[in-house]
């Protein structure tokens with residue numbers, strides 16, 4: 001899902017998640033009508049990372065697991081998928097490093113990738129990313145999305161709903177919804193949209 005600032009992307013996500021009331025329309029998941037999205041689209045079925053992820057003043061390990069049993073989770077796989085392995089290895093205490101007010105201060109990119117690892121470790125059916133890679137450099141962003149979508153042919157691959165105007169994400173998308181002034185302006189694959197939609201051309205070329 002893409003569009004200029006103020007086009008309604010985050011608002012639409014919050015409506016889908018039941019965080020804001022819907023003014024109309026219906027929400028379906030795999031053909032099933034969802035009457036209470038706030039109760040249905042929640043962990044463990046759904047994982048969501050907002051525009052400004054929040055971490056607790058605890059260890060990196062605790063911030064990613066949030067109480068889940070480490071023995072049953074693919075913690076290292078989640079760290080790798082979020083391109084966080086080098087950052088963790090450079091920390092003096094590794095995953096046991098304290099972050100936040102009691103420990104080290106993470107950069108914006110590290111914060112976003114730690115929040116991503118928190119999502120990945122949960123193995124949800126639906127993963128929702130709201131401008132996840134906005135603070136990442138081009139190469140780290142490219143690598144993150146390549147790792148996220150590397151298993152897309154697998155039957156167990158989750159549905160991913162991503163809000164972004166970044167090229168690295170748009171190139172990976174099966175379908176792109178273009179929002180303009182709170183409405184759907186167009187929908188399709190990137191190559192199709194670049195041929196006919198002025199809004200996405202402006203976003204794509206200015207990234």
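Model label points for residue 85 and residue 38, set 7 angstrom from Cα along the Cα-to-Cβ axis, are 4.1 nm apart. Taking the centroid of alpha carbons for each part, the stretch 88-115 and the stretch 130-170 are 21 Å apart.
Against the chain, whose longest principal axis is taken from its Cα atoms, helix 138-149 shows a tilt of about 80°. Here the stretch 34-60 and the stretch 173-207 have alpha carbon centers that stand 27 Å from each other. Antiparallel DSSP bridges in the stretch 1-137: what percent, to the nearest 5? About 45 percent, rounded to the nearest 5. Largest GNM mean-square fluctuation among 98, 161, 68, using the chain with Cα springs under 10 Å: 68.
Throughout, read-outs are computed from the coordinates displayed, never taken from laboratory work. Quick caveat: nothing in here was measured; it's all calculated off a predicted structure. Every residue, glycine as well, gets a Cβ built from its backbone with ideal geometry; the counts of neighbours run over all protein chains shown.
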